[in-house]
Amino acid sequence: MVSAGVDQQREQDQAVRLTAWVRGRVQRVGMRWWIRARALELGLAGWARNLPDGRVEVVAEGPEPACRALLRALAEPGPPGRVDGVVERWSAARGTVPEFEER
């Protein structure tokens with residue numbers, strides 16, 4: 001019989017995919033570099049790229065707690081530039097990117 005704590009730990013360790021769109025003054029300020037550095041510290045794979053409408057798109061895959069930590073870092077004071085808002089979407093990890101990169 002598996003305890004509830006073990007099941008909960010398995011769920012937390014399961015890889016997820018976070019897609020986040022960051023708006024504000026987030027391009028040409030080192031935002032993608034900053035996001036990549038945070039993602040690598042958290043052991044995440046994925047990318048950050050500038051969008052034509054001025055937002056930065058972030059796709060990160062890894063354990064859910066690490067993805068949530070990246071999401072918190074995006075929304076809190078600290079990133080370069082000025083973040084006015086972050087929209088998030090969660091889905092199953094695809095495992096298609098081996099490391100985190102700037103695009």
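The values are calculated or read from the model by the stated rules, or taken from the named source; none is laboratory data. Just so we're clear, the structure is a prediction, and the values are computed from it rather than from any experiment. Here the Cβ is made from the backbone with ideal geometry for all residues, glycine too, and neighbour counts use every protein chain on show.
Mind checking which residues of the range 20-61 are in a loop (DSSP other than H, G, I, E, B) and of a type in the set (V, I, T)? Don't jump to the end; show me each part of the working.
Let us first name the residues in the range 20-61 that are in a loop (DSSP other than H, G, I, E, B), namely 26-30, 42-44, 51-55.
Hits for the range 20-61 are V26, V29.
In the range 1-54, the residue that is surrounded by the fewest Cβ atoms within 10 Å (Cβ to Cβ) out of those that are modelled with pLDDT under 90 and over 22 Å from A93 (Cβ atoms) is M1.
Taken together, the residues in the range 23-72 that are more than 15 Å from E101 (Cβ to Cβ) and touching a residue at least 60 places away in the same chain (Cβ under 8 Å) amount to 2. Could you check the range 73-97 and list, in sequence order, the residues that are assigned to a loop (DSSP other than H, G, I, E, B) and either in contact (Cβ under 8 Å) with a residue 12 or more places away in the chain or of a type in the set (F, W, Y) (or both)? Listed by number, the residues that qualify are P79, P80, G81, A93, R94, G95, V97. The number of residues in the range 73-103 being surrounded by 13 or more Cβ atoms within 10 Å (Cβ to Cβ) and of a type in the set (V, I, T) comes to 3.
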